[in-house]
Structure formats: structure tokens, C-alpha cells
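Data first, discussion second: the structure below is written as C-alpha cells.
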Amino acid sequence: MSQYFKMGDRTLWNPSNGASRLFLGHLAVYEAELGLPSGIGPQQADEYQVDPDAFAAFVHALLRWHRDTGHRVMRALSDGLVATALALAERAGIEVDWECADFTRNPACHDGPARPHTPAQDEWASALRRDAHEMVRSMAC
């Protein structure tokens with residue numbers, strides 16, 4: 001058996017029940033951490049509807065949170081969920097605002113002072129984009 005993550009009538013992802021359960025469990029943790037709903041669900045039959053506006057806001061908040069954490073364990077624990085959420089966003093046609101997620105803290109996107117840009121930040125963004133693109137191929141329906 002499997003679950004369906006849909007936007008309207010369009011299937012974005014059709015994972016196994018186990019993968020779906022793990023994804024939704026992790027999603028709930030980060031909804032609480034961010035204080036923001038993901039825009040996914042509730043379950044009806046074997047389907048979860050994805051609200052594109054709410055999910056876009058969640059993905060951007062998750063990406064900023066991931067970028068801002070300097071805690072190595074927290075970042076490692078969140079890597080898979082962030083890549084999966086980015087891949088699902090891509091499949092939903094949600095344009096990820098990488099400028100607002102970058103480390104330079106674009107004042108139009110963030111409160112607080114700008115940080116100096118470093119090569120490590122480029123590596124972070126490149127690795128995350130690569131992981132998300134690989135995940136998109138795994139999600140093919």
C-alpha cells in the first residue's frame with residue numbers, strides 16, 4: 001500500500017506507507033519547532049492534499065531555520081527532511097527563494113544584521129540543491 005501527496009488532482013509523490021509515516025512524523029516535529037503549519041493534510045482515505053501557499057511558507061521557514069542552525073547534530077538530523085521538503089516543493093512547482101535562504105541575510109527577507117558570505121555557505125546551498133534534485137528523481141510517480 002501507499003499514500004498519495006496531491007495538489008488538486010495532480011499526484012506529487014506516492015511513497016510507501018512507511019516512508020509516508022516517517023515523513024509526516026518528521027514534518028510534525030518541524031511544524032512544532034517552527035510554529036508554522038506545513039500545509040500538508042489532513043489525510044483523507046490514502047491521500048494528503050498539499051496547500052501550495054502554506055507549504056511554500058513552511059519550506060522557506062524550514063530552509064532558513066536549517067541555514068541558521070549552527071548545531072551540527074540538529075543540522076544532521078534535519079538534512080533528510082529539508083531535502084525531501086525541497087524536492088516536494090519542486091514537484092509542486094513552488095519556486096524556492098534561495099536568495100532569502102542564503103547566508104547574506106537579504107534585508108528584504110530577514111530581520112537582523114547581515115553576515116559575511118563564505119565559501120562554506122555556497123557549499124551548503126549546493127549540497128542541499130543536489131540532494132533535493134536527487135530526491136525529485138526518487139519521487140517520480
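The values are calculated or read from the model by the stated rules, or taken from the named source; none is laboratory data. Source: prediction; values computed, not measured. Positions of Cβ are backbone-derived with ideal geometry, glycine not excepted, and every protein chain shown enters the neighbour counts. Protein only, heavy atoms only, side chains kept; ligands, DNA and RNA dropped before computing areas. Shrake-Rupley method; radii C 1.70, N 1.55, O 1.52, S 1.80 Å.
Computed values, structure above
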read-out: Test: residue in the range 79-87 that is open to solvent by 50 Å² or more (accessible area, probe 1.4 Å) and either at pLDDT below 95 or within 20 Å of residue 133 (Cβ to Cβ) (or both); value: yes
read-out: Residue pairs meeting the criteria (Cβ under 6 Å; at least 6 apart or on separate chains; first within 30 Å of residue 5 (Cβ to Cβ) and small (Gly, Ala, Ser), in the range 113-141; second part of a helix (DSSP H, G or I) and at pLDDT 65 or above); value: 132/83; 132/86; 132/87
read-out: Number of the condition not met by residue 21 [criteria: (1) modelled with pLDDT of 90 or more; (2) more than 23 Å from residue 137 (Cβ to Cβ); (3) among the basic types (Lys, Arg)]; value: (2)
read-out: Among the residues listed as 70, 41, the single one being out of contact with any Phe, Trp or Tyr (no Cβ under 8 Å at 6 or more places or on another chain), of a type outside the set (S, T, N, Q), outside any helix (DSSP H, G or I) and surrounded by fewer than 17 Cβ atoms within 10 Å (Cβ to Cβ); value: 70
read-out: Pairs, first in contact (Cβ under 8 Å) with a residue 60 or more places away in the chain in the range 13-26, second buried (at least 17 other Cβ atoms within 10 Å of the Cβ) and not hydrophobic (A, V, I, L, M, F, W, C), C-beta under 8 Å, six or more apart; value: 13/4; 13/91; 14/3; 14/4; 15/3; 23/15; 23/84
read-out: Failed criterion for residue 95 (all others in (1) at pLDDT below 85; (2) open to solvent by 70 Å² or more (accessible area, probe 1.4 Å) hold); value: (1)
read-out: Filtered residue count, the range 44-67, keeping only those that are outside any strand (DSSP E or B) and either open to solvent by less than 10 Å² (accessible area, probe 1.4 Å) or touching a Pro at 6+ places or on another chain (Cβ under 7 Å) (or both); value: 8
read-out: Members of the range 14-38 found to be open to solvent by less than 30 Å² (accessible area, probe 1.4 Å) and among the hydrophobic types (A, V, I, L, M, F, W, C), listed by number; value: 23, 27
